[in-house]
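The values are calculated or read from the model by the stated rules, or taken from the named source; none is laboratory data. Fair warning: this is a prediction, and the values are worked out from it, not measured in the lab. Please note: Cβ atoms are built from the backbone with ideal geometry, for glycine as well, and neighbour counts cover all protein chains shown.
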């Protein structure tokens, strides 16, 4: 039983077992998962630029009517940063001793999606995750929420940087006005959830509250950093979810986000998503209730909440019904084999699997259920990818040992047999990676 | 490892026999009609697609993003006294003139929510209120089609969208960027997957679709059709859809997505983000029509979106989430060259901000499913679009 629990610890609360990891986990699988939550989340290795720096570079690039040579340099810089960022992020997942924490970073980053399908996000997305998400995954939800909604990545992605109070000085002078995109997605996606009991009036109220939350332009002090613009802020009191927020400039938004962060609907919404991510596509309602209760009672203490997820009995039972996302499949393959793409290869590899990091199709992020990932074409594509990946392995690789190290006793005799009879070692690795047991979690 | 496409096909045919799949299973197609749904995700601005330039309130209420009147540079392409086409949709004008394009203004899909994700779910599930929809209305329509098999329905572009998920197995296709796997590997894998309820059937269908689309397209066409996320990514997919649907033994019903319609910022008028998207849409529909060849005269294509956008421009030269939008109905089987449905006008707006709904898109869909695919009227109101028994199917949408 502990062997099966060790497999769960490595796959449901991690990416996949590295060689030797299952044996270590088998001593105390649940304890080992909980222990990963101690201490602050580790920072990513490497010399990575700040969100402010990359935003300043972007704003400068659209301000100058740039010569083609300069534009080329800007694009090269953005590409180099993007490839470096995803390499650092994915290497952390592949090598982490605290993979549950890395899973949480990916989970929250998807919950608070910014996507480079709006191209200017490409150079900022990595910094956004490192600055607004990662430091808070074991901290308070309210701190993460504030960090996210005031980060350049989110202010640009959901258009708030350009939203102007219609009755503000800037609004009256320019005739420009409100953009409710961020206000709506905060309520629908980030906090209360679509059934969280808000109205169109609340969307507009929150959008008004957040007017003025913007970014310093190249000609202003500290270009590229968050900047509150009092002259663009809609004056007067606003009413959000029945509560009155007196005119208070930037502090209105801080107060409103703090209230949203501890709202019971937020607790339910977040608990459901966590349970669906780590336990099952349709998690047991009582598990969701308990996680929501932990969230509410702790005031959104995410270490406490994440501990609750790992303590749910349902998480420790079979079957493995969830399907790994394409990116998690790639990370798992790298953990098991110890071979990972370098630099730009990461992007190429994940593009083939149709899950390029920071390219979620919509603000709701990547899907998180098996049905969304298992189309006929996608399954064939995954198989193709596994074979192509295995074909890059050194020819000394031992597929039988990898099967034992990654699936343990759960490796069905049929797979062990198929690997033993595979035409080559690489073919054996391809079969292991493509097997249903490895595709699922 | 690379293997010749011909070898792969031989291999694929080989394991079809070992698994006892008989070619007879793919014998007669259930219909010679083709029906394609294009899902415009993100909420397309219907007022920009078919601007009501003749409405006395149009210019005033649209403000900075109102298009210029017909005849001016960048102006509306006039269709009648009230409506025109966005200038970036110019490639579609000949289809209107030849009677193969019909436009439907002020459409809604039977629900009221301004959430993209709820609305897309409802648009695809065909329900009026949120439930736990696990299947889509187009798949339920397939269940009513006699002689349907796993090749009748086709999702183009990757994952099968909700609209096509359900009881009837469907194929999916997307551009190939990976080397083909070896037949031996696939043979071994299908053995390993045979007990997996999800992966097993999906792999079988993937193999069938792959072998099939290679035959139709030829390897070169498959490799050339690059995906891409921008407005230019749609045309290659639409063209492939057309080629696949043109084949005698090919699919009959297909769905494909086009993204990028959520124009909160810099939507623009005759130029800008939205104009680029319209250009991509028009290029795609045109490419699809040409690729369909002789099958085009038996084809209906519908482009639909989850809701419309605000009438007035917002603070960022864009528009926010609204209510009614517009539909495009195109194809050789369409009795086009006209605007279908009522126009509620811009004098009075929904919630003081949105165009009101005049035509329920489901009445149009029901009219097409009944008259084009010959589906049973009563079942359309209960099974395909539950709870719409009293919503009449639109009459006379198709050529007699």
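Brief remarks on what is shown
- Within segment A:375-392, the set of residues being buried (at least 21 other Cβ atoms within 10 Å of the Cβ) and part of a loop (DSSP other than H, G, I, E, B) comprises A:375 only.
- Exactly one residue out of B:154, B:122 is over 27 Å from residue A:380 (Cα atoms) and either away from chain A (no Cβ under 14 Å) or not in a loop (DSSP other than H, G, I, E, B) (or both): that is B:122.
- Inspection of segment A:124-146 identifies no residue that is within 11 Å of chain B (Cβ to nearest Cβ), part of a helix (DSSP H, G or I) and surrounded by fewer than 22 Cβ atoms within 10 Å (Cβ to Cβ).
- Test: residue in segment A:344-360 that is more than 10 Å from chain B (Cβ to nearest Cβ), without any contact (Cβ under 8 Å) to a residue 12 or more places away in the chain and out of contact with any strand residue (DSSP E or B) (no Cβ under 7 Å at 6 or more places or on another chain): yes
- Any hit, segment A:68-75, residues being out of contact with any strand residue (DSSP E or B) (no Cβ under 9 Å at 6 or more places or on another chain) and in contact (Cβ under 8 Å) with a residue 60 or more places away in the chain: no
- Some residue of segment A:324-338 being in contact with a helix residue (DSSP H, G or I) (Cβ under 9 Å, 6 or more places away or on another chain), surrounded by fewer than 16 Cβ atoms within 10 Å (Cβ to Cβ) and away from chain B (no Cβ under 14 Å): yes
- Restricting B:60, B:93, B:124 to residues that are surrounded by fewer than 16 Cβ atoms within 10 Å (Cβ to Cβ) and at negative phi narrows the list to B:60.
- Test: residue in segment A:268-286 that is out of contact with any helix residue (DSSP H, G or I) (no Cβ under 7 Å at 6 or more places or on another chain), surrounded by 23 or more Cβ atoms within 10 Å (Cβ to Cβ) and farther than 24 Å from residue A:111 by Cβ: no
- Leading residue by the ranking (farthest from the chain's Cα centre (by Cα)) among those in segment B:314-331 that are part of a loop (DSSP other than H, G, I, E, B) and within 9 Å of chain A (Cβ to nearest Cβ): B:315
- Residues considered: A:347, A:403. Of these, the only one that is within 18 Å of the chain's Cα centre (by Cα) and assigned to a helix (DSSP H, G or I) is A:347.
For (1) touching a helix residue (DSSP H, G or I) at 6+ places or on another chain (Cβ under 7 Å); (2) at pLDDT below 75; (3) in a loop (DSSP other than H, G, I, E, B); (4) crowded, with 18+ Cβ neighbours inside 10 Å, each residue gets a yes or a no:
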residue	(1), (2), (3), (4)
B:208	no, no, no, yes
B:220	no, yes, no, no
B:226	yes, yes, yes, no
B:241	yes, no, no, yes
B:248	no, no, yes, no
B:256	yes, no, no, yes
B:267	yes, no, yes, yes
B:271	no, no, yes, no
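- Among all positions in segment B:277-293, there is no residue which is in a loop (DSSP other than H, G, I, E, B) and buried (at least 24 other Cβ atoms within 10 Å of the Cβ).
- Exactly one residue among B:187, B:148 is at pLDDT below 80 and more than 10 Å from every other protein chain (Cβ to nearest Cβ), and that residue is B:187.
- Selection within segment A:420-438 - more than 15 Å from residue A:337 (Cα to Cα) and part of a helix (DSSP H, G or I): A:420, A:436, A:437
Yes or no, residue by residue, for (1) within 11 Å of chain B (Cβ to nearest Cβ); (2) not in a loop (DSSP other than H, G, I, E, B):
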residue	(1), (2)
A:170	yes, yes
A:179	yes, no
A:188	yes, yes
A:202	no, yes
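- Some residue of segment B:361-373 being touching a strand residue (DSSP E or B) at 6+ places or on another chain (Cβ under 8 Å) and not in a helix (DSSP H, G or I): yes
- For segment A:80-101, a residue qualifies if it is assigned to a helix (DSSP H, G or I) and over 18 Å from residue A:360 (Cα atoms), and the qualifying residues are A:80, A:81, A:84, A:88, A:91, A:92, A:93, A:94, A:95, A:99, A:100, A:101.
- Qualifying residue in segment A:162-171 (condition: touching a strand residue (DSSP E or B) at 6+ places or on another chain (Cβ under 7 Å) and crowded, with 24+ Cβ neighbours inside 10 Å): no
- Among the conditions (1) crowded, with 23+ Cβ neighbours inside 10 Å; (2) within 16 Å of residue B:321 (Cα to Cα), residue A:209 misses just one, which is (2).
- Those residues of segment B:195-206 which are touching a helix residue (DSSP H, G or I) at 6+ places or on another chain (Cβ under 6 Å) and assigned to a helix (DSSP H, G or I), in sequence order: B:199, B:202, B:203, B:205, B:206
- Output for segment A:27-66, where each listed residue is part of a helix (DSSP H, G or I) and under 19 Å from residue A:278 (Cα atoms): A:29, A:30, A:31, A:32, A:33, A:34, A:35
- Qualifying residue in segment A:314-335 (condition: more than 22 Å from residue A:438 (Cβ to Cβ) and in contact (Cβ under 8 Å) with a residue 60 or more places away in the chain): no
- So residue A:414, is it within 7 Å of another protein chain (Cβ to nearest Cβ) and surrounded by fewer than 17 Cβ atoms within 10 Å (Cβ to Cβ): yes
Results for (1) more than 7 Å from chain B (Cβ to nearest Cβ); (2) crowded, with 22+ Cβ neighbours inside 10 Å; (3) modelled with pLDDT under 90, shown as yes or no for each residue.
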| residue | (1), (2), (3) |
| --- | --- |
| A:394 | yes, no, yes |
| A:397 | yes, no, yes |
| A:420 | yes, no, yes |
| A:425 | yes, no, yes |
| A:434 | no, yes, no |
| A:437 | yes, no, no |
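- Scanning segment A:157-168 for residues that are part of a helix (DSSP H, G or I), in contact with a helix residue (DSSP H, G or I) (Cβ under 8 Å, 6 or more places away or on another chain) and either at the interface with chain B (Cβ under 10 Å from one of its Cβ atoms) or without any contact (Cβ under 8 Å) to a residue 60 or more places away in the chain (or both) returns A:160, A:161.
- From the list A:152, A:250, the lone residue that is assigned by TED's automatic domain parsing to the domain that holds residue A:125, surrounded by fewer than 20 Cβ atoms within 10 Å (Cβ to Cβ), in contact (Cβ under 8 Å) with a residue 24 or more places away in the chain and farther than 30 Å from residue B:129 by Cβ is A:250.
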